[in-house]
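Here, each number is a calculation from the coordinates, and none is a lab measurement. Here the structure is a predicted model, which means the values were calculated and not measured. With ideal geometry, Cβ positions are generated from the backbone for all residues, glycine too; neighbour counts draw on all protein chains shown.
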Amino acid sequence: MSSVHIAELSWTAYDAKLKRDNPVIILPVGSLEQHGPHSPLATDTIIPQEIGIGVAETIDGLIAPPIAYGYKSMPRTGGGNHFPGTTSLDGDTLVRLTRDIICEFARHGARRLLILDSHYENEMFLIEGIDLALKDLRSWGIDDLKIMKVRYFEFVSEATLAKVFPDGFPGWPLEHAGVMTTSVLLHRRPDLVHMDKVPNQKPVLYPPYDLFPVDPKKGTQTGILATAKGATPEKGEILFKEYVAGISAATREAFGLAA
Amino acid sequence: MSNSVLISELAWTEYEKRLAGGRTPVLIPVGALEQHGPHLPLNCDTVIPTAVCEEAAKRIGALVAPPIEYGYKSQPRSGGGNHFPGTTSLDGHTLVLMTRDIIREFARHGVRKIAIVVGHTENLMFTTEACDLAIRDLKAQGITDMKIIHMGYWEFMTEATMHKVFPDGFPSWNLEHAGVMETSVMLYLRNSLVDFDQVPKHAPADFPPYDIHPVEPHRIPASGALSSGQTATAEKGKYMFDEYVESVAAALTKEFAL
């Protein structure tokens, strides 16, 4: 048995791999959230899973089943939590879910963990889950677990940004179901993308604050914040390869692994 | 009776009168007790949003609640990390519940317009969650007309001001921890609390695009500041502060239809 997927291993094969190699365990974290009329609800889960598999193969790591539900979509970064299909967790639920999974891997003997996040709204709840897990583990006498937390989209060079966004980069918050995620999906899962349904709209501008409750009549109506018209599988391949290579190299550096 | 905009200084009867049946907005500053380099006080992230709220409240006839003075854990890339002495932080859920409870209490008093004015980056998602939970709870109680504005005050800085205050280029909001903006505004607001001789002179912190847990202090400037506040002045501080007050007041006037 040689799968990088923990879920496909027997407990004995998994245990042997942990004891032999002290591998990096990769936990993808995404969401079930609308990504416009042209991309699937699981966009934010599929992409870190695909990248995670690439990284696991590169650094001889293992990949865990993803956290496939995320924190509530916010208007300025994900269109808002009022769309059908968007299925979100309370913050404390995501914190506990993350903490529990980390503590379980630590109990198995894992000491290197890479949390690969792709949903903008998750970040602070993952940080809190990590902090609480480390505190719990210390009280159990485990003080040598090291965790690296990555948002994959931060691993892109200026040169690639210029190539993918020749007319200027709108900024990560507006890239919800935009050129970047759509291109990566066209490269990895073209069967799930409907380019004929990409909305042709200008970037949606929001004021520098949030309103509660959300007024669905304001803000994006299609679910996207900037158009994905410029998305191509070629751009997706460039981005995907850069994510896998960049995250693999950083993971090696952070955990002191041989190249 | 007191003309104060501070709820804490009013008698309950005066407070009730000033709420005007729910037409008066209540502004809640949310800060932190967190190291801000050797030159700034621990309460920097509370002092600034509280002052913005007080000035904005005077202009639009609002009231200001006592600030939440403890925030979420300082993160290395935006606040230097939570390992410094003095930095005193809450678990995420504690901050969520505290903020939610305070919103629900004001709703019980009849308040229907609330602004959450955050001064500490790491708070934002937890105060967001508090707004969401409060609105949900209130709906279950049949209160459906509460409106909350949630903001980080620094997001109101205009491009023009940014060029004026940072002529050599803006480092990023995360690296602005105890940098030119906060030092300038504190010089203007609370000069006596700033020890300008102690402003670090080091280059901005250079972080990789990921976080390591537990924190590795050697990756973080020992001063606790993430960029230098050497070019800070009280004049710049006044300029930025006035702009914050004016834009926050304008946003509240618009959204609350005052």
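Ignore the peptide's own chain and count Cβ atoms of other chains within 10 Å of each Cβ in A:85-96; give me the average, rounded.
Values: counts 0, 0, 0, 1, 0, 6, 10, 8, 0, 2, 5, 1.
Partner-chain Cβ atoms within 10 Å, mean over residues of A:85-96: 3.
Quick one: the Cα spread of region B:143-248 along its three principal axes, in angstroms, biggest first?
49, 36, 27
Can you give the charge dipole size of region A:162-230 about its Cα centre, rounded to the nearest 20 debye, using +1 on the beta carbon of Lys and Arg and -1 on the beta carbon of Asp and Glu?
With only Lys, Arg, Asp and Glu charged at Cβ, the dipole is about 120 debye.
Tell me, what is the FRET efficiency for B:K58 and A:K163 to the nearest 0.05, using R0 = 45 angstrom and their Cβ-Cβ distance as r?
Details: r = 51 Å, r/R0 = 1.13.
FRET efficiency, B:K58 to A:K163: 0.30.
Among B:S172, A:S118, A:S157, A:S248, which comes first, then next, by fewest other beta-carbon atoms within 10 Å?
Ordered from fewest to most neighbouring Cβ atoms within 10 Å, B:S172, A:S118, A:S157, A:S248 come out as A:S157, B:S172, A:S248, A:S118.
Out of region A:71-172, which chymotrypsin sites (Phe, Trp or Tyr not before Pro) are coil in DSSP terms and have no more than 15 other C-beta atoms within 10 Å? Kindly include the intermediate steps, with their values, before the conclusion.
On the way: sites: A:Y71, A:F105, A:Y120, A:F125, A:W140, A:Y152, A:F153, A:F155; in loops: A:W140, A:F155.
Here the chymotrypsin sites (Phe, Trp or Tyr not before Pro) that fit, given the DSSP loop and packing criteria, are A:W140.
Inside 10 Å of the C-beta atoms of B:126-138, what's the mean count of C-beta atoms belonging to other chains?
For peptide B:126-138, the averaged partner shielding equals 4.
Suppose only helical runs count, i.e. DSSP H with n ≥ 4. What mean residue ellipticity at 222 nm does that imply for chain A under -39500 (n - 2.57) per run, divided by all residues and rounded to the nearest 500 deg cm²/dmol?
Working: 8 runs with 107 residues, N = 259.
That calculation yields -13000 deg cm²/dmol at 222 nm.
Quote the charge dipole size of the protein assembly as shown about the Cα centre in Debye, to the nearest 20; the model charges only the Cβ of Lys and Arg (+1) and of Asp and Glu (-1).
Values: 48 positive and 63 negative charges, 151 e Å.
Charge dipole, the protein assembly as shown, about its Cα centre: 720 debye, nearest 20.
Dividing the alpha-carbon Rg of chain A by 2.2 N^0.38 Å yields what?
That ratio works out to 1.03.
Would you calculate, for chain B, the mean residue ellipticity at 222 nm contributed by helices, counting each DSSP H stretch of 4 or more residues as -39,500 (n - 2.57) and dividing by all residues, to the nearest 500?
-12500 deg cm²/dmol
Would you mind checking the tilt of helix A:43-59 against the longest principal axis of the Cα atoms of chain A, expressed as 0 to 90 degrees and rounded to 10?
So the inclination is approximately 40 degrees.
Pairing the Cα long axis of helix B:124-140 with the longest principal axis of chain B, what angle in degrees results, from 0 to 90 and rounded to the nearest 10?
Rounded to the nearest ten degrees, it is 10.
Determine ³J(HN,Hα), in whole Hz, for all residues of region B:29-37 in sequence, where each value follows from phi through the Karplus function 6.51 cos²θ - 1.76 cosθ + 1.60 and θ = phi - 60°; x replaces Gly and Pro.
Along region B:29-37, the couplings run x, 10, x, 6, 10, 8, 4, 10, x Hz.
Using the structure shown, list the pairs from A:K149/B:K73; A:K72/B:K147; A:K218/A:K241; B:K58/B:K254; B:K17/B:K58; A:K149/A:K202 with a Cα-Cα distance above 27 Å, or answer none.
On the way: A:K149/B:K73 16 Å; A:K72/B:K147 18 Å; A:K218/A:K241 37 Å; B:K58/B:K254 16 Å; B:K17/B:K58 17 Å; A:K149/A:K202 33 Å.
Going by Cα-Cα distance, A:K218/A:K241; A:K149/A:K202 fall outside the 27 Å limit.
To make sure I understand the rule: partners must be aspartates and glutamates, Cα under 17 Å from the Cα of A:K19, and not fewer than 8 residues away in the same chain. Which ones qualify?
Straight-line reach from A:K19, under 17 Å: A:D60, A:E104, A:D144.
Could you give the C-alpha radius of gyration of chain B expressed as a fraction of 2.2 N^0.38 Å, taking N as the number of residues it contains?
Taking the Cα Rg and dividing by 2.2 N^0.38 Å, one obtains 1.02.
Evaluate E = 1/(1 + (r/R0)^6) for B:R219 and A:A245, where r is the Cβ-Cβ distance and R0 equals 22 Å; express this FRET efficiency to the nearest 0.05. Could the numbers behind the result be given before it?
On the way: r = 22 Å, r/R0 = 1.02.
It comes out at approximately 0.45.
Which three semi-axes in whole Å describe the equivalent ellipsoid of region A:64-110, each the square root of 5 times a Cα gyration tensor eigenvalue, listed largest first?
28, 10, 8
Tell me, B:I7, A:I247 in order of fewest to most beta-carbon neighbours within 10 Å?
Ascending number of Cβ neighbours within 10 Å: B:I7, A:I247.
Using +1 at the Cβ of each Lys and Arg and -1 at the Cβ of each Asp and Glu in region A:208-259, identify which of A:A259, A:Y243, A:A231 lies farthest towards the dipole's positive end.
A:A231
May I ask you to sort A:E8, B:E159 by Cβ crowding, counting other Cβ atoms within 10 Å and putting the fewest first?
Ascending number of Cβ neighbours within 10 Å: B:E159, A:E8.
Just name one of A:S2, B:A251, B:G119: the one whose Cα is farthest towards the positive end of the charge dipole of the protein assembly as shown (beta-carbon charges, Lys/Arg +1, Asp/Glu -1).
Final value for the positive-end residue is B:A251.
Taking 8 Å as the Cα distance limit and 6 or more residues as the minimum spacing, I'd like the relative contact order of chain B as a percentage.
Working: 488 pairs, mean separation 61.7, N = 258.
Computed value for chain B: 24 percent relative contact order.
Check which residues have an amide H placed less than 5 Å from B:K73's amide H, if you skip close sequence neighbours.
Counting only residues 5 or more places away or on other chains, the set is B:L90.
Positive end of the dipole of the protein assembly as shown, charges at C-beta (+1 Lys, Arg; -1 Asp, Glu), about the Cα centre: which of B:T94, A:L186, B:A225 has its Cα farthest in that direction?
Of the listed residues, the answer is A:L186.
Provide, as a two-decimal number, the C-alpha radius of gyration of the protein assembly as shown over 2.2 N^0.38 Å, N being how many residues it has.
1.00
What is the angle, in °, between the Cα long axis of helix A:123-139 and the longest principal axis of the Cα atoms in chain A? Nearest 10 is fine, range 0 to 90.
So the inclination is approximately 10 degrees.
Tell me, what ³J(HN,Hα) does each residue in region A:10-20 have, in order and in whole Hz, if you take phi through Karplus 6.51 cos²θ - 1.76 cosθ + 1.60 with θ = phi - 60° and put x for Gly and Pro?
With the stated coefficients, region A:10-20 comes to 6, 5, 5, 5, 4, 4, 5, 5, 4, 5, 6 Hz.
Can you run phi through the Karplus equation (6.51, -1.76, 1.60; θ = phi - 60°) for region B:4-17 and list ³J(HN,Hα) in whole Hz, with x for Gly and Pro?
Those phi angles translate into 4, 8, 8, 4, 5, 9, 9, 6, 4, 5, 5, 4, 4, 4 Hz.
If the only charges are +1 at each Lys and Arg Cβ and -1 at each Asp and Glu Cβ, what is the size of the charge dipole of region A:100-259 around the Cα centre, to the nearest 20 debye?
Numbers: 19 positive and 22 negative charges, 58 e Å.
Roughly 280 debye for region A:100-259.
Which distance in nm do the two modelled labels at B:S4 and A:D100 give, with both placed 7 Å along the Cα-to-Cβ direction?
4.7 nm
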